[in-house]
Structure formats: C-alpha cells, structure tokens
Amino acid sequence: MGIESWLKISLPAFPVAFTIFGVWLYWGESPLPLLAPSLAFWSLVILFYLFSHFDIPNRSYPLFLTIAGTLLWTVSSITSHNLGKFLTSNRYTGFVSVVSNKDFWFAYSCSVVGCIVGLRQFFRLEPLIMNQIQSDRAARIGAGAP
Amino acid sequence: MVYDVFIFSLTVLGIVTALVYSHKIAHSRVYPVGMVRKMPAASPAQERVDEITVHLPDSLLQGDIIELVAKGLSNSDIAKDLHISESEVKRCIHRLALGASVKKKAANWQIFADKEFGTFQPRLRQPLLHAERLTLEAEVTEQSEILEHHLNLFADLEKRVRRLEVEKVRMSQEAAAEEKPHPPQAEVIVH
C-alpha cells in the first residue's frame, strides 16, 4: 500500500489518537468513555469510503455493511455515555468494577467488531481502488486534461 | 430492563449484519468505481473490444452480458459470473434481441472478431427469436430421424457381414473336408 492509502486510513483515526495521547496521556483522564465511539467512528468512515469507491452489480452489500457500521457506532456511543456516567459515580472503584459493567462490554464489542470488519475490507479492497484511481489519472493525463 | 433489551438487540443486529455482509462482499465480484464506469482493459485486444462495445447499450450489465455471450457461455454461466439470476440474463438477452440496431451491431462485432482474432472460436451466438428457435428444433428433429435411419442401415449391414463370415467359414470347412484323401481300400487277394 502506498502513502496515499496509509493517509486514507490514518486520518480518520485522529479521534482515536486524540483520546489516547491527549485525554489519557496528557490530561491523565480515563479514555474509556471516549475510546469506544472513536474506534467505531473510525470504522464507519472507512466503510463509507469503501462504499463510495466500489460497486457490486445488482447487489446492495456495501450499503448494508455501512448501515451495520452506523448501528454499531450508535450503540457504542450510547453505552459509552452511560459508561462515562458510571466512571464519575461512586460505583466506580477500579478496573474490575469497569469490567463488570455491561455498558463497557457493549461499547467495546461493537467498536472492536466494527474496526475489524472495516480494516479487513480496507486492506482487501484498497489495492483494487488504487489501481483504478491510477489508471484514471493516467488516462486523464494521456487525454491532455488539466 | 427495556433499555438493556434495546441495547442488546441493536448490538446483536449490528454485529451479525456486519459479519454477514462482510463475508458476502469478500465472496463477490467487486468493481472499483472510477471516472469512467467500466472494467480496466487487460490487453490491447480488450481495449479494441471496449471501443466496439461502447456503442452498444449504455447499461454496464448489458455490455457485460454481450461480452460473455460472445465467449459462448450459457445463460446459467453468465448468471453465475455476474452474480445475477438466470431470469435476469434471459430478460436482458430478450431485450437486446428485440433491438434491430443491436442485431446489426452484433453482426458488426462478428465481422470485427473474425478480422481481429482470425480463427477465434467460438463465434458470437446471436440470441434466437421464437420463429428461429422453432425452425432450429424442426431441423434438429429431422436430422435425428435421418441419423436413426442410418444407424438402422448400419446395423443391418453388420448382420449381413456377420452372416457372410459364418457362411465363408462353413464353406471353407466343407472344402477342406472334400479334399481329405479317401482311406485306402483293403487289398483283395484272390488265391
């Protein structure tokens, strides 16, 4: 994969990087409520990119996959909000109490599944998309277009 | 409680949908969408084919079907290749067959293919109209009757040959028996 492809995959990961390096490492706060929706949003952006750059004739698989990514992000956001409220309450006593909270599991299972699906499709389909983009650029240059 | 059920059902729905459609996409033919919605050319010959087929119907699907028909694939193979149903393929071919301009372009494609590819086989199979299909069926029936008649003649001929061979063997055996020397007669001594 070229640098262009790595940029495509790393730019949507800025919220994740901000959560880890800003919220957690710099400010010293718990990243758990913000990390899960950031991960889910990263996978959603990747799926939107793929949805707009490839086509399967007479099939709507990319659309349904993007809708599934949106659903996972929604669940991850709602449960992360409740996880954040839990972390600021008296019930929070440490990592064990977080792990026993069901909102934590809902939030991170959705975001991790979304991430795995999005990244797997990206690494599989990005070479095809880049080939098409490069051939289109070559055809445009060959035709003398500005 | 309602909140738990709602969140749980949404989670399961999202995860299952994501996994199922991810698997389906992984096993489907994917076309990258470029500035021009067509497959990248694989070779100079394919580029020439694309120049010809660009004048054919705009629909990418119809263009793909025409290419696969030109390769001699059956309707079921075309349906499997393009991930569509066989009925859609038949409908598309029927719609193409109704257009007189498409027939002319298909004939031009045939001339181009013969010139470009020389002895390239198989030839373009034009979609058959109903009347042509009936004529072809009648011809097939007639040819099969002629074939059956010839097969019967051949069987009769084989029987005759076998009979002649048996007769030949019998005659040779009789001839061999006739040529056998007679046993010498006892000498009569008259005292």
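Worth a mention:
- Modelled this way, with points 7 Å down the Cα-to-C-beta line, the labels at B:LYS80 and B:GLN173 are 5.8 nm from one another.
- For A:PHE54, nonlocal amide neighbours, meaning residues 5 or more places apart or on other chains whose placed amide H falls under 5 Å from its own, are B:VAL33.
- Ranked by how many other beta carbons lie within 10 Å on average, peptides A:30-36, B:67-73, A:89-95 from highest: A:30-36, B:67-73, A:89-95
- Rounded to the nearest whole Hz, the Karplus-based 3J(HN,Hα) values (6.51 cos²θ - 1.76 cosθ + 1.60, θ = phi - 60°) of the stretch B:13-21 follow the sequence 4, x, 5, 5, 4, 4, 5, 5, 6, with x at glycine and proline.
- Nonpolar atom fraction for the stretch A:9-68, defined as the carbon and sulfur part of the 1.4 Å probe accessible area, stands at 75 percent.
- Residue mean of other protein chain beta carbons inside 10 Å, A:79-86: 1
- Cα gyration tensor shape for chain A, rounded if a/c is under 1.5, else prolate or oblate: prolate
- Averaged per residue, the stretch A:28-110 has 47 square angstrom of accessible surface, using a 1.4 angstrom probe with ligands and nucleic acids left out.
- Considering only alpha-carbon pairs that sit under 8 angstrom and 6 or more positions apart, the relative contact order computed for chain A is 29 percent.
- Spin-label model distance (nm) - B:ASP156 vs A:ARG137, 7 Å beyond Cα toward Cβ: 7.9
- In order along the stretch B:162-175, phi translates into HN-Hα couplings of 5, 4, 5, 5, 5, 5, 4, 5, 5, 5, 5, 5, 5, 5 Hz, rounded to whole numbers, per the Karplus curve 6.51 cos²θ - 1.76 cosθ + 1.60 with θ = phi - 60° and x for Gly and Pro.
- The distance from the alpha carbon centre of the stretch B:152-174 to that of the stretch A:109-123 is 81 Å, rounded to a whole number.
- Across the stretch A:40-46, coupling constants 3J(HN,Hα) worked out from phi with the 6.51/-1.76/1.60 Karplus curve, θ = phi - 60°, read 5, 5, 4, 5, 5, 5, 4 Hz, and Gly and Pro carry x.
- Among B:22-29, A:126-133, A:45-52, A:108-115, sorting by the average number of other beta carbon atoms lying within 10 angstrom of each residue, highest first, gives A:108-115, A:45-52, A:126-133, B:22-29.
The values are calculated or read from the model by the stated rules, or taken from the named source; none is laboratory data. Being a predicted model, the structure only gives us computed values, none of them experimental. A quick note on method: Cβ atoms are made from the backbone with ideal geometry, for glycine too, and the neighbour counts reach across all protein chains shown. When the accessible area is computed, the model is the full protein with side chains, heavy atoms only, and any ligands, DNA or RNA have been set aside. Shrake-Rupley method; radii C 1.70, N 1.55, O 1.52, S 1.80 Å.
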